């Protein structure tokens, strides 16, 4: 490796020029190459001069990191840019991981410098008032790389420990349930009136700030650009701001210039009866030491918090400030989990009966919701702890039930209102064989019953089109994004008695070799060959403006 190159991993803050540090500006300007997500490159475009630019789309982090290392090893100064701080859900860790995979050491490898920036928890808090004045934590709700069970444990731990919590990546177009589950967990420990701030695009052109409560926060728009800050048990509203007290009111008089405690008295244990030192001295000075130790150990966290907050609440109520803590039974009331399931009248049949629709409305009730999807399914979300009864009732009404998440999903057209029915048995067998199988990432198998392909099966991860004489197979379609494209036509005319086993081999290789969170089209490109079919690079068509304007 060359020692001439250098990696500059830069956090440029929320995106506004005045919040970019001088070191970050200088690092961008001294770089030969800028590598970043499209939106990030656009945000710093005013600082660019003649640097080479490498742009990628979202989820292309590994490609960016590998390209940055490659260019640095060629002797170039390479800036890898992240919004916020590069070391907080940014690119710093991934760049190090790629270097480590290559055997990098600081003594022999390219030089690397991590340049800090203002993270979202800081920029968003400044717009809300002072919600993060006490112990706080950040939790990303994205389960693309971290198992949801782990995230849920972290939310539970932070909630029970009374941390102020900043939620990153709270919701996306495909991840809608995670923020709902997070609210459910938090309501086990905190009042529904707990202050919450929702900040979208802090210090950018479309900045939007909402002050709400834990109970009402889902009534507002929350997306990938939103940071959600949830107060602790002492956080309160005041004049449109969210304030979390540090604790000064416990031992000082905030409305007086003259303090009862003199400077030399302020750090004495008797002035801090809640401190560990004070508790230890109290136990040691008691005549019945063992009894008192037992008394201390049995004092719960909620009682300690309430005791410490009594003085604060009595003072703050006079000024019209905080939320009064509800009774413990109200805070810890059990909230049922959200059960989410896809429902369809059939693989080929797309027509719900009136009774089936009535059942869905009944099951959703006032607290659930129904969402129609492009896959001709209805997503049913219901707060319940009895999912088995829900599924049983759906099946009793001849409805198909589909799991939601990183699984294999089989979808098909309506076969021209079931008139072109030659391929329906194949669609149903695909569903029976593969529907619901766990996968590294959601894997969609689409089937069209004729060469018109009007249902768009060719845009799916695995696309199948029936034509007289056999089935054509398409792999690696991409439905969304700037480079959305149909799958690669890998083979034509597969006989009916071989199409299912061919798809089975593709599914098997993806489930066994795919990386967690890796979409199929990226997997196909990475491995180069799946089930004997070789990947070829997608080349976007060249669009030329006609001279005549027609």
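Note on segment 191-267: Rg/Rh from C-alpha atoms, Kirkwood Rh, equals 1.16. Beta bridges assigned by DSSP with both partners in the chain are antiparallel in approximately 55 percent of cases. Overall, the ratio between the Cα radius of gyration of segment 98-138 and 2.2 N^0.38 Å, rounded to two decimals, is 1.93.
For the peptides 210-219, 384-393, the ranking by mean Cβ contacts within 10 Å, running from highest to lowest, is 210-219, 384-393. Using all pairs of distinct alpha-carbon atoms, the Kirkwood hydrodynamic radius of segment 375-460 works out to 14.4 angstrom. Multiplying each eigenvalue of the alpha-carbon gyration tensor of segment 60-109 by 5 and taking the square root yields semi-axes of 18, 12, 10 Å, largest first, rounded to whole angstroms. Here is the P(r) of segment 435-496: all C-alpha pair distances, binned every 5 Å from 0, give 5, 20, 26, 24, 16, 8, 2 in whole percents. Computed over the chain, the P(r) curve from all C-alpha pair distances, binned at 10 Å from the origin, holds 3, 14, 19, 22, 19, 13, 6, 3, 1, 0, 0 percent per bin.
Per-residue ellipticity at 222 nm, computed for the chain from helices alone with -39500 (n - 2.57) per DSSP H run of at least four residues, works out to -9500 deg cm²/dmol. Could you tell me the relative contact order of segment 67-218? Use alpha-carbon pairs under 8 Å, at least six residues apart, and round to a whole percent. Once normalised by length, the contact order is 17 percent.
What angle, in degrees between 0 and 90 and rounded to the nearest 10, separates the Cα long axis of helix 92-101 from the longest principal axis of the Cα atoms of the chain? That works out to roughly 60 degrees.
Å³ per residue of the Cα convex hull, for segment 10-93?
84
Against the chain, whose longest principal axis comes from its Cα atoms, helix 354-364 is set at around 20 degrees.
Dividing the convex hull volume of the alpha carbon atoms of segment 150-282 by its residue count, what do you get in Å³ per residue?
Values: hull volume 21.0 nm³, N = 133.
Convex hull volume per residue, Cα atoms: 158 Å³.
Above 14 angstrom, tally the Cα pairs of segment 338-383 and express them as a % of all pairs, no decimals. Within segment 338-383, distances greater than 14 Å cover 46 percent of Cα pairs. In summary, segment 85-187 shows an alpha-carbon radius of gyration equal to 1.30 times the 2.2 N^0.38 Å reference for compact globular proteins. The three principal axes of the C-alpha atoms in segment 1-41 carry coordinate ranges of 35, 23, 13 Å, sorted with the longest axis first. Shape annotation for segment 427-470: C-alpha extents along the principal axes are 32, 20, 13 Å, from largest to smallest.
Extension gain, residue 388-residue 211: 0.36 nm per intervening residue step, less the Cα-Cα distance, totals 59.9 nm. Both radii come from the Cα set of segment 400-550: Rg as radius of gyration, Rh as Kirkwood radius; their ratio Rg/Rh reads 1.00. Placing pseudo-labels 7 Å out from each Cα toward the beta carbon at residue 418 and residue 4 gives an inter-label distance of 7.2 nm.
Just so you know, all these numbers are worked out from the coordinates, no wet-lab data involved. Because the structure is predicted, anything quoted here is derived from the model rather than measured. Don't worry about glycine lacking a Cβ; one is built from the backbone with ideal geometry, like all the others, and counts go over all protein chains shown.
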